[in-house]
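Reviewing the structure listed below.
The values are calculated or read from the model by the stated rules, or taken from the named source; none is laboratory data. Predicted model, so just to flag it, every value in this text is computed and none were measured. Heads up, the Cβs are rebuilt from the backbone with ideal geometry, glycines too, and the neighbour counts pull from every protein chain shown. We work out accessible area using only protein heavy atoms, side chains counted, and drop any ligands, DNA or RNA first. Shrake-Rupley method; radii C 1.70, N 1.55, O 1.52, S 1.80 Å.
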Amino acid sequence: DGSITVSFTYTAVDAAGKESSPATVNMPFTAVSLSGNVYNDANGLIDYIVNGSGTNIGGTLYANLVSGGNVSQVVAIQNDGSYSFSTVVPNTSYTVVLSTTQGTVGNSAPTAALPSGWVNTGENLGSGAGNDGTINGSLAVNVVITSISNANFGIERPPTADDVIAGSQINPGGTVKLEVPALNGSDPEDASLTTFIIKTLPSNGTLYYNGSAVTANQTIASFNPSLLTVDPANGSITVSFTYSVVDAAGKESAPATVTLPFTALSITGNVYNDADGLTDFTINGTGTNISGVLYANLVSGGNVAQVVAVAADGSYSFGTVAPYTTYSVVLSTTQGTVGNPAPTAALPAGWVNTGEFVGGSAGDDGTANGRVTVNVVAVDVTSVNFGIEQPPTANNASAASQLNPGGTTKVTVPTLTGSDPEDASVTSFTIKTLPASGTLYYDGFAVTAGQTITSYDSTKLRVDPADGAVTISFTYAAVDAAEQESVPATVSMAVHGHRHQRQCLRRCQRSDGLHRQRQWHQYQRHALCQPYQRRQRRPGRRRGR
């Protein structure tokens, strides 16, 4: 076999048996060959041609010539990517298999295979445009009677997509879209990559490209990183999706993963039974939810955005709020409805607001109304606190009728009393209204309406009644440690004048002569008659008259 010249010599013999000198016969034969090339075809069949730079991938490739399923010849690919089967049988159908396996003549053909990181881009018989229709590292060749060249193979290294892991960022909430960090990859043959395929979509967010929702397996050519955005679902979540990059040969990388962790901003706070109110300038105390009847309503733009029940320990939390947003938290016995107008701040009967403040330090928002404004920026807001408490109760007080002393003499007022659920004792009282028929004094000074008496001493509150028979009446409120006032209670005192004294005297003297002296002694001891008795003793008047 092969391109050879067959030659031999012969002599001629005549009738006399004589032999001539030898002569030579020369028969030249040309062999039919099959040759081709392996190209690093960076642009694959994008140009419709199997071409590029010849390669043997470090001497790892073999061309196996297969006929009838078995290897008939095998050669190593040269450094320049060329290979040649110098002698093949005319009028025979062959298959050339490109493989990392060196086949054994007579054995079954090896599988077409390339080193890791390489892929087939096409095969073609001829140097012009075209391909065999199936990119598989195997090329059918029909040999007739002439040599065949350019049984060519295209291979290349596909690109690599890089995983993208973003730093944790604040979840904007709502439908706000955030730019996705740039997708990127590399390719051994291409300087840059501009085509990307979104392989899978996030389950907890929506991807957008240039404002339109992305679909699974969508190819984005001329990719602009700034146009790829995501709207994450609310909360502390991690959004993830996969993508691949496509090189100039149209080859796709293995998928890479984009991981986008989001942290949700929160608003948390407490409801305190603040027994001392703002007297210590701080909203604090014992956490309470008043038997489970309180709700914290998160309000934005006048409508309820979220609502949670206050926990048994007085705490509450809104786990997902939007950054750079102004909210109000409304404490109420009403559970608001998301999307509806905010309910009115309200507490159960017998409870009042003592103050609100954002922060665990001293301070308040200026108006104790069960509502506080919260400005969320880029960090969690904690200690959005409410102070509430139960105000005290004042008790009505009255005294038995007594003699009006007249003049500017003062008499003791019945003791003011009150109770409070949080305080052991009530020691402060506010005089709400003054008596119309007398002057009220405390520690010798006239009392004014609205005056609060602290460290109350019952012996110091006295009244100078107007002359005559009058009823002295005024109202007061108990004040607890939180400086909350009770509902006013009433103090009533009846005093009578001298007409009653004379009547008493006549009753005391109305007796027969035998008992007059004893009756006189009774008169002297009679409390209601003492002032009149003193007047009866003035000079010029007989004792007892």
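Residues are listed down the side, and each one gets a yes or a no for (1) more than 54 Å from the chain's Cα centre (by Cα); (2) surrounded by fewer than 19 Cβ atoms within 10 Å (Cβ to Cβ); (3) of a type in the set (Val, Ile, Thr):
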{"site": "ASP443", "(1), (2), (3)": "yes, yes, no"}
{"site": "VAL447", "(1), (2), (3)": "yes, no, yes"}
{"site": "GLY450", "(1), (2), (3)": "no, yes, no"}
{"site": "ILE453", "(1), (2), (3)": "no, no, yes"}
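What pairs come up if the first residue lies in the stretch 1-19 and is among the small types (Gly, Ala, Ser), the second is at pLDDT 95 or above and in a loop (DSSP other than H, G, I, E, B), and their beta carbons are under 7 Å apart, counting only those six or more places apart or on different chains?
From the stretch 1-19, the pairs are ALA12/SER20.
Of all residues in the stretch 138-183, which are among the hydrophobic types (A, V, I, L, M, F, W, C) and more than 15 Å from VAL88 (Cβ to Cβ)?
Answer for the stretch 138-183, where residues must be among the hydrophobic types (A, V, I, L, M, F, W, C) and more than 15 Å from VAL88 (Cβ to Cβ): PHE153, ILE155, ALA161, VAL164, ILE165, ALA166, ILE170, VAL176, LEU178, VAL180, ALA182, LEU183.
Return only the number of the condition from (1) in contact (Cβ under 8 Å) with a residue 60 or more places away in the chain; (2) farther than 30 Å from VAL491 by Cα; (3) crowded, with 18+ Cβ neighbours inside 10 Å that PRO392 does not satisfy.
The number of the failed condition is (2).
Looking at the stretch 409-432, which of the residues that are β-branched (Val, Ile, Thr) and farther than 17 Å from ALA481 by Cβ is surrounded by the fewest Cβ atoms within 10 Å (Cβ to Cβ)?
THR409
Determine which member of the set ASP80, ASP41 is open to solvent by less than 50 Å² (accessible area, probe 1.4 Å) and of a type in the set (Asp, Glu).
ASP41
Residue under question is ASN124, and the condition is that it be touching a residue at least 12 places away in the same chain (Cβ under 8 Å), of a type outside the set (Gly, Ala, Ser) and open to solvent by 30 Å² or more (accessible area, probe 1.4 Å); does it hold? It would help to see each step written out before you state the result.
Details: touching a residue at least 12 places away in the same chain (Cβ under 8 Å): yes; of a type outside the set (Gly, Ala, Ser): yes; open to solvent by 30 Å² or more (accessible area, probe 1.4 Å): no.
Here the answer is no, as ASN124 does not meet what is asked.
Filter the stretch 103-121 down to the residues that are over 60 Å from the mean Cα position of the chain (by Cα) and surrounded by fewer than 17 Cβ atoms within 10 Å (Cβ to Cβ), then identify the one that is nearest to SER3 (Cα to Cα).
Per the criteria, the residue is VAL105.
Determine, yes or no, whether ASP276 is touching a helix residue (DSSP H, G or I) at 6+ places or on another chain (Cβ under 9 Å) and surrounded by 16 or more Cβ atoms within 10 Å (Cβ to Cβ).
Details: touching a helix residue (DSSP H, G or I) at 6+ places or on another chain (Cβ under 9 Å): no; surrounded by 16 or more Cβ atoms within 10 Å (Cβ to Cβ): yes.
Judged against the criteria, ASP276 is not a match.
Let's see how each residue does on (1) surrounded by fewer than 16 Cβ atoms within 10 Å (Cβ to Cβ); (2) out of contact with any Asp or Glu (no Cβ under 9 Å at 6 or more places or on another chain):
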{"residue": "ASN234", "(1), (2)": "no, yes"}
{"residue": "LYS251", "(1), (2)": "no, no"}
{"residue": "THR259", "(1), (2)": "yes, no"}
{"residue": "SER266", "(1), (2)": "no, no"}
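Let's see how each residue does on (1) more than 28 Å from GLY387 (Cβ to Cβ); (2) within 24 Å of the chain's Cα centre (by Cα); (3) touching a residue at least 60 places away in the same chain (Cβ under 8 Å):
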{"residue": "THR242", "(1), (2), (3)": "yes, yes, no"}
{"residue": "ASP247", "(1), (2), (3)": "yes, no, yes"}
{"residue": "VAL258", "(1), (2), (3)": "yes, yes, yes"}
{"residue": "ALA264", "(1), (2), (3)": "no, yes, yes"}
{"residue": "TYR272", "(1), (2), (3)": "no, no, yes"}
{"residue": "GLN306", "(1), (2), (3)": "no, yes, no"}
{"residue": "ALA312", "(1), (2), (3)": "no, yes, no"}
{"residue": "PHE318", "(1), (2), (3)": "no, yes, no"}
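If I ask for residues that are in a strand (DSSP E or B) and either open to solvent by 50 Å² or more (accessible area, probe 1.4 Å) or more than 21 Å from ALA254 (Cβ to Cβ) (or both), which ones from the stretch 200-229 would you list? It would help to see each step written out before you state the result.
The initial filter retains those residues of the stretch 200-229 that are in a strand (DSSP E or B), namely 200, 205-209, 212-213, 218-220, 228-229.
The answer is THR200, GLY205, THR206, TYR208, TYR209, SER212, ALA213, GLN218, THR219, THR229.
Going by the structure shown, is THR134 farther than 18 Å from VAL75 by Cα, surrounded by fewer than 18 Cβ atoms within 10 Å (Cβ to Cβ), free of Cβ contacts under 8 Å to residues at least 24 places away in the same chain and not aliphatic (A, V, I, L, M)?
yes
When the residues of the stretch 468-482 are filtered to those that are open to solvent by 10 Å² or more (accessible area, probe 1.4 Å) and of a type in the set (A, V, I, L, M, F, W, C), which remaining residue is nearest to ASN396 (Cα to Cα)?
Top of the filtered list is VAL479.
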